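Remarks on the structure that follows.
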Amino acid sequence: MNNPSNPASTPVSSPTAQATPDSLGLGHSSGQRGAEILAGFRAEKYPSPDTIALSRWSGRIVARLLMRLAASEAPVNYPTSRFMIFENLIRRVLQQRSGDFILAEVASGLSPRGLRLAREFPQLHVIEVDLPSVVQDKQQRLRAAKNLRIPANIEWRGVDLGVVPLSDVLTEQLDIVSAEGLFGYFAPDEVIRIAANICKLLKPGGRLISDITWKPGFEEAKQVTSFFTRQAGEVKTLISSYDEGQKLFQEAGYETANFYQASKLIAEFKLPHPVVDIGVTVEAIKGSAKPEGAVSTPASPEPSVPKP
């Protein structure tokens, strides 16, 4: 709780929500700028009514710039690969079970994933959570788009999770929480705290699907990652081994954590390639449910993978 008698102790906003200089017309905060660049990548790589509606010219131009800066396509293929891995891990859980589900997309940004899954799975209730400015902007873009159907089973909640506890925003018991691109901007102890709070909101056997920056790949793609972090914020948690990642999620209270590298899933998930593993996707599982798949590569039938 904040101390009302000591204004200096009351946080105004988290680092990703604070206004900082914007020389590229991407947004007033690092959170907005990061969301805009990723939206630009999706629109450039896989243009569709959703990705076009959720992007702006400034984000698409910066995405093109990064593509030209990169020595190869490998680093710029990573953001789209991560998006597709998240979507297919969520889809795999939904296809294996029946009944109603609740999916919370934390730090949802300008991603079209919630919309796509809500359309595909009518029994799914999607809750997207992000900074109020990002949520408002996203809703405005969707309303302005022509011939774009917004399903009834999706809703948005705007909040700065650096100030307000997630449990104040999500009072439902959740089946899946996805947090794409969130944990890198927090120190390891904060990653553990946030992941533990999410664990409390999950049903037994529920999944947290997130990602952690992979130090070898991050350094290999330095030309691109240094540009991106200048706009989106400093990366504070990087791992060099699965053991480091396991420790984070075990301390947060999860029974199991699976790690997935995009470079090992190209054929199975039909990912763009070549690709540098700038991060690893994590599927952390609460309770006694046994995860499908190996530690680094899921052993499951090849899914039907639509493009983002």
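Restricting attention to the stretch 154-181, which residues are at pLDDT 90 or above, under 23 Å from residue 34 (Cβ atoms), open to solvent by 40 Å² or more (accessible area, probe 1.4 Å) and not charged (D, E, K, R)?
Within the stretch 154-181, 156, 158 meet the criteria.
For the stretch 219-266, name all the residues that are of a type in the set (Val, Ile, Thr), open to solvent by less than 40 Å² (accessible area, probe 1.4 Å) and either out of contact with any Asp or Glu (no Cβ under 9 Å at 6 or more places or on another chain) or over 22 Å from residue 64 (Cβ atoms) (or both). Break it down into steps so the answer makes sense when it comes.
Just the residues of the stretch 219-266 that are of a type in the set (Val, Ile, Thr), to begin with: 224-225, 229, 235, 237, 239, 256, 266.
Among the residues that remain, those that are also open to solvent by less than 40 Å² (accessible area, probe 1.4 Å) are: 224-225, 229, 235, 237, 239, 256.
Across the stretch 219-266, the qualifying residues are 224, 229, 235, 237, 239, 256.
Quick one: is residue 109 in contact with a helix residue (DSSP H, G or I) (Cβ under 7 Å, 6 or more places away or on another chain), on the phi > 0 side of the Ramachandran plot and open to solvent by less than 50 Å² (accessible area, probe 1.4 Å)? Give the steps one after another, and end with the answer.
Numbers: in contact with a helix residue (DSSP H, G or I) (Cβ under 7 Å, 6 or more places away or on another chain): yes; on the phi > 0 side of the Ramachandran plot: yes; open to solvent by less than 50 Å² (accessible area, probe 1.4 Å): yes.
Yes, satisfied.
Can we say residue 233 is at pLDDT below 95, under 20 Å from the mean Cα position of the chain (by Cα) and farther than 16 Å from residue 89 by Cβ?
Yes, satisfied.
Looking at the stretch 69-84, which of its residues are within 18 Å of the chain's Cα centre (by Cα) and open to solvent by 10 Å² or more (accessible area, probe 1.4 Å)? Give the steps one after another, and end with the answer.
Step one: of the stretch 69-84, the residues within 18 Å of the chain's Cα centre (by Cα) are 75-84.
The answer is 75, 78, 79, 82.
Quick check on the stretch 120-133: of everything there that is touching a strand residue (DSSP E or B) at 6+ places or on another chain (Cβ under 9 Å) and open to solvent by 10 Å² or more (accessible area, probe 1.4 Å), which residue is farthest from residue 94 (Cα to Cα)? Break it down stepwise before answering.
Pass one, the stretch 120-133, residues touching a strand residue (DSSP E or B) at 6+ places or on another chain (Cβ under 9 Å): 121, 123-133.
Next, only the ones that are open to solvent by 10 Å² or more (accessible area, probe 1.4 Å) stay: 121, 123, 125, 130-133.
Details: 121: 8, 123: 9, 125: 12, 130: 23, 131: 27, 132: 29, 133: 30 Å.
Here the residue is 133.
Any residue in the stretch 169-187 that is in a strand (DSSP E or B), closer than 21 Å to residue 77 by Cβ and under 18 Å from the mean Cα position of the chain (by Cα)?
Applying the first criterion (in a strand (DSSP E or B)) to the stretch 169-187 yields 174-179.
Still in the list and also closer than 21 Å to residue 77 by Cβ: 178.
After this cut, where a residue has to be under 18 Å from the mean Cα position of the chain (by Cα) as well, the list is 178.
The answer is yes; a qualifying residue exists.
Pairs only if they're at least six apart or on different chains, beta carbon under 7 angstrom, first in the stretch 218-229 and touching a residue at least 24 places away in the same chain (Cβ under 8 Å), second open to solvent by less than 30 Å² (accessible area, probe 1.4 Å) and polar (S, T, N, Q); list them, first residue then second.
These pairs meet every condition: 218/225.
When you scan the stretch 269-280, do you find a residue that is assigned to a strand (DSSP E or B) and of a type in the set (A, V, I, L, M, F, W, C), even just one? Quick ask: steps written out before the conclusion?
Pass one, the stretch 269-280, residues assigned to a strand (DSSP E or B): 279-280.
Still in the running and of a type in the set (A, V, I, L, M, F, W, C): 280.
Yes, there is a match, as at least one residue in the stretch 269-280 is assigned to a strand (DSSP E or B) and of a type in the set (A, V, I, L, M, F, W, C).
What's the number of the only condition in (1) surrounded by 24 or more Cβ atoms within 10 Å (Cβ to Cβ); (2) within 23 Å of residue 279 (Cα to Cα) that residue 93 fails to meet?
Here residue 93 clears every test but (1).
Determine, yes or no, whether residue 151 is farther than 16 Å from residue 178 by Cβ, at pLDDT 95 or above and surrounded by 16 or more Cβ atoms within 10 Å (Cβ to Cβ). It would help to see each step written out before you state the result.
Numbers: farther than 16 Å from residue 178 by Cβ: yes; at pLDDT 95 or above: yes; surrounded by 16 or more Cβ atoms within 10 Å (Cβ to Cβ): yes.
Yes; evaluated as a whole, the condition is true for this residue.
Here is a check on your reading of the model: is residue 66 modelled with pLDDT of 95 or more and open to solvent by less than 10 Å² (accessible area, probe 1.4 Å)?
Numbers: modelled with pLDDT of 95 or more: no; open to solvent by less than 10 Å² (accessible area, probe 1.4 Å): yes.
In short, no.
Looking at the stretch 134-148, which of its residues are free of Cβ contacts under 8 Å to residues at least 60 places away in the same chain and open to solvent by 20 Å² or more (accessible area, probe 1.4 Å)? Please lay out each step first, then the result.
Initially, the stretch 134-148 is screened for residues free of Cβ contacts under 8 Å to residues at least 60 places away in the same chain, giving 135-136, 139-140, 143, 146.
Within the stretch 134-148, 136, 139, 140, 143, 146 meet the criteria.
Restricting to the stretch 67-102, name every residue that is of a type in the set (Phe, Trp, Tyr) and closer than 20 Å to residue 266 by Cα. Even if it seems obvious, please write down each step before you answer.
Narrowing the stretch 67-102 to residues of a type in the set (Phe, Trp, Tyr): 78, 83, 86, 101.
Within the stretch 67-102, 78, 83, 86 meet the criteria.
May I ask you to list pairs of residues, at least six apart or on different chains, whose Cβ atoms are under 7 Å apart, with the first in the stretch 241-265 being on the phi < 0 side of the Ramachandran plot and the second being of a type in the set (D, E, K, R) and in a helix (DSSP H, G or I)?
From residues that are on the phi < 0 side of the Ramachandran plot, the pairs are 262/82.
For the condition within 28 Å of residue 214 (Cβ to Cβ), touching a residue at least 40 places away in the same chain (Cβ under 8 Å) and open to solvent by 30 Å² or more (accessible area, probe 1.4 Å), what is the one hit in 187, 104? Before the answer, list the steps.
Details: 104 fails: open to solvent by 30 Å² or more (accessible area, probe 1.4 Å).
Answer to the check: 187.
The values are calculated or read from the model by the stated rules, or taken from the named source; none is laboratory data. Computed from a prediction, not measured in an experiment: that's the story for all the values here. Using ideal geometry, Cβ is built from the backbone for each residue, glycine included, and neighbour counts are taken over all protein chains shown. Areas reflect the complete protein model, heavy atoms only, side chains present, ligands, DNA and RNA absent. Shrake-Rupley method; radii C 1.70, N 1.55, O 1.52, S 1.80 Å.
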